[in-house]
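All remarks here apply to the structure that follows.
Please treat every number below as a calculation from the coordinates, not as lab data. These numbers were taken from a predicted model, which means no experiment stands behind them. Here the Cβ positions follow ideal geometry from the backbone for every residue, glycine too, while neighbour counts run over all protein chains shown.
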Amino acid sequence: MRIIRILLWPISLIYGIITYLRNKCYNFGFFQVYEIPKKSICVGNLSTGGTGKTPHVAYLAELLKNKIQTSILSRGYGRTTKGFILVNDKHTSNEVGDEPLFYHSLFNSKINIAVCEKRKIGVQQIQSLFPQNELIILDDAFQHRAVKAGFNILLTDFNSPFSKDIMLPTGNLREWKSGRKRADCIVVTKCTYALSQHEKNKWATDLKVDSQKLFFSSINYGEIVPFGKVIESPKSALLITGIANPLPLVDYIKDSFQIEHLQFADHHAFNAQDIQEIHQKFDTFAVKNKIILTTEKDYMRLKDLIPENELTKYPWYYLPIAVKMDEEEKFNDLINQYVRKI
C-alpha cells in the first residue's frame, strides 16, 4: 500500500495544483461566494475523515441550544436521497445519513437538523422555514468554499496531524496545509493524555498556528447502552465498527473487554447479509457473558436492520461518546463571544 501511494505522488501534485487554483479563485472573487446571513459556525478538517467532527458539532449544539435558535446542516454523507431534507423521527440513515440521524436523536425538536449537498440551498431553506433561526452549524463544510461561514473551526487528529500529512491520494489531505489560515481556531482532537504547556506550544509551532487559537480535546466514553438482549456483567465483546479510525476506540474497549473486532469501511451501508454474518460470528464465540458492541454512529445505521426477534436473541449494545475540551471555559468563551457579537 505504501509503495502504491508513493507511485501516486504525481497525481497528488496535480490534485494539489487544482485545489490551489480553486482556492485562489475563491480568494480573489473569481468564483462567487455566498456569505451566510446571521451567525454560522463551520466544523471541518483538511484531511479525509476520522478527526471527530460529529461529537464536536454535537458539543457546539449542546453549548448553544438554550442561548440561540440553532440548526445543524449536513451533507448527509452516504444517503440514497438528494436535495434538502429536514430530518424527522421517521427517517432512516439511508435517507438522511447516520450523523444527521445521530444529531436528531440527541436534540430532537430543540434543534433543527437538515441535510443538503448544496450548502447554499440548505442554508436558504433553513432560513426560509425558520425565520427565527439565528445560528447554523455546518458539519464538514470547510472545503465548501461556495459558502462562507462566520466562524471556522478546523479539527486535526492527535495521532495524524495535518502538519505531517500530504495531499491525496499519496496522503490524506484534501487541500494544502495553508488552508489552516482560514480557520478562526484549531482543535487537536482525540488527545490521549493531558498535555503540558510546553507540549501545547510545540504543537502550535508544528501546526504553524497562534497558540491562543489552538485547543485540545479528548473523547469521553459513556456507559454501554443495550438495544437488544441484556447481559449481566459482560466480559467479552464482538466489536462492530464502520468508522474512519476505530483504533482509539479499540484501545479503550480492550481495557474492559476481551474483544474481537469486525471492521467495516467508514459509513458502511450495512445490509441483512452483514447482520447475518455478524450473528454467525458471534455464535462461534466459546465464551460466556459476551455481547455485540458498536459505536453510536453505527447504531444509527444498524438499528432499523435487525429484526425484533433477533434483538431478543442477540445482546446488541452501543457505546456513547462525547467531547471533553481541555480548556473548556476558554473555548466556550470564544464561541459565545462570536455568537453574541453584533
Dipole magnitude of the chain about its Cα centre (Cβ charges: Lys, Arg +1; Asp, Glu -1), debye to nearest 20: 1220
Rounded to whole Hz, the Karplus (6.51, -1.76, 1.60) HN-Hα couplings of segment 301-314, x for glycine and proline: 8, 8, 4, 8, 9, 8, x, 4, 5, 6, 5, 6, 9, 10
Intensity falloff of segment 202-273 expressed as log10 I(q)/I(0), Debye formula with alpha-carbon point scatterers, at q = 0.14, 0.20, 0.22, 0.26 Å⁻¹: -0.66, -0.99, -1.10, -1.29
Kirkwood Rh (inverse of mean 1/r, distinct Cα pairs), segment 135-294, angstrom: 18.8
Mean Cα-pair separation over length for the chain, i.e. relative contact order, pairs under 8 Å, 6 or more apart, %: 20
Per-peptide average of other Cβ atoms within 10 Å, ordering 18-29, 204-215 highest first: 204-215, 18-29
Pair residue 212, residue 28: separation of 7 Å Cα→Cβ label points (nm): 3.2
Interchain or long-range residues, amide H under 5 Å from residue 170's placed H: 12
Candidate lysines for bridging to residue 110, where Cα separation is under 21 Å - those fewer than 8 sequence places away on the same chain excluded: 38, 39, 53, 65, 67, 90, 297
Dipole-positive endmost among 246, 307, 226 within segment 221-342 (Cβ charges, Cα centre): 307
Segment 225-319 - share of DSSP beta bridges that are antiparallel (%, nearest 5): 10
Given charges at beta-carbon only (K, R positive; D, E negative), |dipole| of segment 225-319 in Debye: 240
Whole-Hz couplings from phi, Karplus 6.51/-1.76/1.60, listed for segment 12-19; x for Gly and Pro: 4, 5, 5, 4, x, 5, 4, 5
Label-point separation in nm, residue 265 to residue 160, each point 7 Å along Cα→Cβ: 1.5
Highest-first arrangement of 134-142, 218-226, where packing means the average Cβ count within 10 Å: 134-142, 218-226
Förster radius 25 Å - calculated FRET efficiency between residue 220 and residue 310, Cβ distance, rounded to 0.05: 0.25
Cα centroid of segment 121-174 to Cα centroid of segment 40-61, whole Å: 7
Chain lengthening between residue 281 and residue 184 when straightened (0.36 nm per residue, less Cα-Cα): 30.3 nm
Segment 88-197 - charge dipole about Cα centre, Lys and Arg +1 at Cβ, Asp and Glu -1, debye rounded to 20: 500
Built amide H within the under 5 Å cut-off of residue 259, gap 5+: 237
Pairwise FRET efficiency - residue 18 versus residue 332, Cβ, R0 = 45 Å, nearest 0.05: 0.75
Segment 225-319 - percent relative contact order, Cα under 8 Å, separation 6 or more: 47
Principal axis dimensions, largest first and in whole angstrom, of segment 225-319 by Cα: 33, 30, 23
Virtual paramagnetic centre 7 Å along Cα→Cβ of residue 146, amide N under 12 Å, in segment 29-44: 32-34
MRE, 222 nm, helices only [DSSP H, n ≥ 4, -39500 (n - 2.57), over the chain, to nearest 500]: -10000 deg cm²/dmol
Selected from 294, 49, 214, residue furthest toward positive end of dipole (the chain; charges at beta carbon): 214
Antiparallel content of DSSP bridges confined to the chain, in %, to 5: 20
Under 14 Å from the Cα of residue 324 - aspartates and glutamates, other chains or at least 8 residues apart: 62
3J(HN,Hα) from dihedral phi, segment 134-147, Karplus parametrisation 6.51/-1.76/1.60, rounded to Hz, x for glycine, proline: 10, 9, 10, 9, 9, 8, 6, 10, 5, 8, 7, 6, 5, 10
Residue-span extension gain [residue 198 to residue 255] - 0.36 nm each, minus C-alpha spacing: 17.6 nm
Alpha-carbon spread of the chain, three principal axes, descending order, Å: 63, 49, 40
Interchain or long-range residues, amide H under 5 Å from residue 148's placed H: 34, 35, 36
